[in-house]
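Structure, as structure tokens:
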Amino acid sequence: MQILREHFVRQLTELQEDLVSMTHAAEKMLQMAVESLKERDVEKAREVIALDDVVDDYNFKIEEKCLRMIALQQPVAKDLRVIAAILKIITDVERIGDYSIDIAKFSIRLAENPVFRPFVEVPKMAEIVVHMLEETITAFLRRDLGIVQKVVDADAQVDALYRAIHEDVVQSIEADPKVARQAIWILMIARYLERIGDHITNITERIYYMETGEMLELHQ
């Protein structure tokens, strides 16, 4: 019995290590997508798109491991909560990778011509979102609910910046309809960053669930 338990604990540890690796891969995609936008670096944007397979492979691998452990090990209590949470988290991480690709694709379009004017709130949003993802990895590793709350609070800043960008874009288009295409691209990037923030918040809610057994919507 002790040997079986040790084997299960080892599998659970490897599962969590895989999740951290997957999240780091998505974090790299997000960081590079943001850099490609700031630097107008088309090659870096294309590297982001190429990294999608890495995150997708982790997604399938982790899901298969989770389902096998549930079927064969029949975990209970906190062990089951951890596996169930990981099954949900990988979906959010996979979506973060997808949105990073979307940002990279728009950064390629925006690199073709000078942007009609700088939107300083977009880099601010990007910086906050990248930091949120970094902090979420730390919260998962440490099971730190204090960090979880900080991440949730940061998402409120992201939402506020998105609203400001949306209003700014509308005013820009009204003032000069010729900038509409670029302005909408910028708004889409901001929207993707806002959605990434929501997915990161979803992950923090799963971390909270793992530790407490309570499913709460942390972001009001």
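The values are calculated or read from the model by the stated rules, or taken from the named source; none is laboratory data. A quick note: this is a predicted structure, and the numbers were derived from the prediction, not measured. As a convention, Cβ positions derive from the backbone with ideal geometry for all residues, glycine included, and neighbour counts pool all protein chains shown. The area values use the complete protein model at the heavy-atom level, side chains included, leaving out ligands, DNA and RNA. Shrake-Rupley method; radii C 1.70, N 1.55, O 1.52, S 1.80 Å.
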Any helices (runs of 4 or more DSSP H) falling wholly within segment 42-139 and containing at least 3 residues that are at pLDDT below 95, closer than 14 Å to I203 by Cβ and in contact with a Gly (Cβ under 6 Å, 6 or more places away or on another chain): none
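Evaluate the following for E39: is it within 24 Å of P118 (Cβ to Cβ) and open to solvent by 60 Å² or more (accessible area, probe 1.4 Å)?
yes
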Restricting the search to segment 83-93, which residues are open to solvent by less than 40 Å² (accessible area, probe 1.4 Å) and farther than 13 Å from D18 by Cβ? A84, A85, D92
So which residues in segment 1-19 are surrounded by 13 or more Cβ atoms within 10 Å (Cβ to Cβ) and out of contact with any Asp or Glu (no Cβ under 7 Å at 6 or more places or on another chain)? F8, Q11, L15, Q16, D18, L19
Return a yes/no flag: does segment 161-177 have any residue that is open to solvent by less than 30 Å² (accessible area, probe 1.4 Å), under 26 Å from A45 (Cβ atoms) and touching a residue at least 60 places away in the same chain (Cβ under 8 Å). no
Residue under question is V179, and the condition is that it be out of contact with any Pro (no Cβ under 9 Å at 6 or more places or on another chain), modelled with pLDDT under 95, assigned to a helix (DSSP H, G or I) and under 18 Å from D92 (Cα atoms); does it hold? no
Quick one: which of A33, A77, A71, A50 is open to solvent by 50 Å² or more (accessible area, probe 1.4 Å), under 27 Å from I189 (Cβ atoms) and small (G, A, S)? A50
So how many residues does segment 192-217 have that are closer than 25 Å to L30 by Cα and open to solvent by 30 Å² or more (accessible area, probe 1.4 Å)? 7
Just name the residue that is nearest to the chain's Cα centre (by Cα) out of those in segment 178-191 that are more than 19 Å from Y99 (Cα to Cα) and open to solvent by 30 Å² or more (accessible area, probe 1.4 Å). R181
